[in-house]
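The values are calculated or read from the model by the stated rules, or taken from the named source; none is laboratory data. Remember, it's a predicted structure, so these values are computed and weren't measured experimentally. Here the Cβ positions follow ideal geometry from the backbone for every residue, glycine too, while neighbour counts run over all protein chains shown.
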Amino acid sequence: MPDTQQLAHVIIRMTAAVLLGSIIGFERERAGKAAGLRTHILVTLGACVFVLACSGYGMSSDGLSRVIQGIVTGVGFLGAGSILKLNEERDIQGLTTAAGIWMTAAIGVAVGLGTLGLALIATILTLIVLTLIGGQIDYKAEKKQASESENTKKTRIKFLFSYLLILRC
């Protein structure tokens with residue numbers, strides 16, 4: 001049976017993992033992404049629990065390092081499942097979702113190790129990237145795609161006129 005101080009540390013860390021995971025998950029849910037609130041909370045909490053269980057068991061730093069490597073690899077596979085190639089034109093979706101899941105696991109590991117400050121800073125930076133940077137890039141991509149679409153139309157019209165001129169001669 002753990003002592004009350006150790007139990008308090010575990011409860012604080014697991015609660016912090018849920019709260020930090022929910023911040024990122026709420027943003028993803030609000031953005032309408034497939035991996036939302038519950039997914040991010042579970043990934044953060046799961047990574048935290050793995051680290052806490054190993055630390056509480058008295059595992060060496062080498063053993064804990066291998067557990068963390070396993071978390072990183074396993075969550076990488078989870079994220080890979082969210083990446084979709086939609087068509088032959090190299091239209092790929094889900095990369096940001098995969099990276100968000102991976103980052104959420106990293107935050108869970110940080111919380112499990114007791115580095116709550118690092119986990120909080122990582123959460124804030126992740127939120128900034130997902131909200132501020134993402135919107136600007138999406139706008140630029142849409143604007144570029146519209147411009148390319150307009151250029152493609154102009155090229156087709158020029159080709160058609162050239163073709164008609166050749167047929168006329």
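Can you tell me which residue is nearest to the chain's Cα centre (by Cα) among those in the range 30-41 that are buried (at least 16 other Cβ atoms within 10 Å of the Cβ) and modelled with pLDDT of 90 or more? Here the answer is HIS40. Taking the criterion of being surrounded by 11 or more Cβ atoms within 10 Å (Cβ to Cβ), at pLDDT 80 or above and either in contact with a Phe, Trp or Tyr (Cβ under 6 Å, 6 or more places away or on another chain) or more than 21 Å from ALA34 (Cβ to Cβ) (or both), the only residue of the range 73-96 that qualifies is VAL75. Residues in the range 97-133 that are surrounded by 19 or more Cβ atoms within 10 Å (Cβ to Cβ) and either touching a Leu at 6+ places or on another chain (Cβ under 7 Å) or within 16 Å of ARG30 (Cα to Cα) (or both): THR97, GLY100, ILE101, ILE107, GLY108, ALA110, VAL111, GLY112, ALA119, THR123, THR126, LEU130.
When every residue of the range 47-58 is checked against the conditions, at least one turns out to be at pLDDT 85 or above, among the small types (Gly, Ala, Ser) and surrounded by fewer than 18 Cβ atoms within 10 Å (Cβ to Cβ).
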